[in-house]
Amino acid sequence: MAHLADRLRRTWGLPMRPEEVLKLLENAGAIRQGHFELSSGLHSATYVQCALVLQYPEHAEKLGRALAAEFHDIKVDCVASPALGGVILGHEVARAIGVHAIFVERNAAGQMALRRGFEVKPNDRVLVVEDVWTTGGSTFETIRVVEQAGGRVVAAGALIDRSRGRLELPVRAEALLDLDVPSYPTVECPLCRSGSEAVKPGSHFARVSR
Ligand SMILES: [Zn+2]
């Protein structure tokens, strides 16, 4: 019977509590505290780089299963993610659900598009997955691309929602972790005011001292 229980868990995914998700991310260095200039230009005391946790296949698989579990009650035919940040997680969510994973990426004109022969069948029920929602821009674009291709986006999921409740997607949305981290324009940044200098991690993620 244990074997059956394992199989069911594998199929439906394994839920994770937000505290568990946070701990996993912190242990992998994917969430760091300091003084950062984000790609938006805003300053924040917290920086998130999901690639640092997703680089470990066992963590990626566990998080993918947990995110898949959030959608156990809906039928999904395909997972679609925005490249590059959503690709690994989307792949793992698709593995947990037992469907295929595709991604959208910029074409030569700079527009998000399905390339590489990826297709969405008419009325395919698509789950859009990405790593972090800040404005949700990549998820909005992925939804648009999938729907233009004829698919039906039934829900969207992310590892982290750092929109502070402001994100309003046109579909059901679930994130494993709500990260309520304020960010400030430079002139209003309390960390700058206290005399420290912001680190610009970008996609290289400079090592920072705590
Ligand atoms: Zn600052």
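Can you tell me how many residues within region 122-173 are among the basic types (K, R) and at pLDDT 95 or above?
Total meeting the criteria: 4.
Output the number of residues of region 56-85 satisfying the condition of being over 13 Å from the mean Cα position of the chain (by Cα) and touching a residue at least 40 places away in the same chain (Cβ under 8 Å).
Number satisfying all stated conditions: 11.
Can you tell me which residues in region 112-142 are at positive phi and touching a residue at least 24 places away in the same chain (Cβ under 8 Å)?
N123, G136
Considering only region 108-128, I want to know if a residue exists there that is within 14 Å of the chain's Cα centre (by Cα) and of a type outside the set (G, A, S).
So far as region 108-128 goes, yes, one or more of its residues are within 14 Å of the chain's Cα centre (by Cα) and of a type outside the set (G, A, S).
The values are calculated or read from the model by the stated rules, or taken from the named source; none is laboratory data. Worth saying up front: this structure is predicted, and the values here are computed from it rather than measured. No Cβ is skipped: glycine too gets one built from the backbone with ideal geometry, and neighbour counts run over all protein chains shown.
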